[in-house]
Amino acid sequence: MTDFVRFRLPWYWEGLDAKELEERWRDLAEWVSWFVTRYHLAQEVPRCWHRHLGLVDELIALRHYHEEVTSPLVPLVQPDPVAGPPEAEDPATPARAYQDWHEARWRWTNGPLREASGYADCVAKGEHVDDEAHHDDAHAFAEASRIAVSRLFPDGEAELGDLQ
């Protein structure tokens with residue numbers, strides 16, 4: 001029987017130690033600076049992007065997608081162990097994958113980024129604008145969810161049929 005373990009993927013940062021978390025933030029900040037400069041997004045991505053955790057998650061995903069198509073992780077092979085050092089195996093990444101990255105980036109910058117509430121205010125003011133209404137809505141949603149679950153399981157037990 002095969003044993004399984006949870007493997008932490010590089011885009012999931014919860015529970016990292018302080019050193020690893022700082023390293024990932026620095027790497028992401030460097031990439032975001034490149035991304036904003038390269039694609040002329042200074043008027044789209046707020047300077048306070050790091051304070052919008054949903055935006056951080058989206059930027060992490062874009063960064064890993066970009067890395068996957070521009071410098072994929074590939075095994076080393078050594079065709080002739082006597083003649084020379086190992087070489088990277090050709091990843092056989094199709095050019096279409098690079099085009100897909102650009103389409104995904106374009107869709108994101110012309111859709112979710114522009115439509116997300118809160119970001120436009122920060123861009124317009126050039127500083128972070130705390131969205132109190134969002135916090136209030138999120139708190140109300142969490143409370144409503146807690147109440148709904150407590151009603152589903154009033155005595156701590158329920159049958160599967162009770163949930164439908």
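No value in this document is a laboratory result; all are computed from the given coordinates. Being a predicted model, the structure only gives us computed values, none of them experimental. All Cβ positions, even for glycine, are placed from backbone atoms using ideal geometry, and neighbour counts span all protein chains on display.
Judged by the mean number of other Cβ atoms found within 10 Å, the most tightly packed of the peptides 57-66, 142-151, 119-128, 101-110 leads the ranking 57-66, 119-128, 101-110, 142-151. Could you compute the net charge surrounding His64? Neighbours are other residues with a C-beta less than 12 Å from the C-beta of His64; K and R count +1, D and E count -1. Overall, the nearby charge balance is -3. Extension gain for Asp131-Glu87 works out to 10.7 nm (0.36 nm per residue, less the C-alpha to C-alpha distance). Spin-label model, Trp34 to Leu73: label points 7 Å out along the Cα-to-beta-carbon direction sit 1.8 nm apart.
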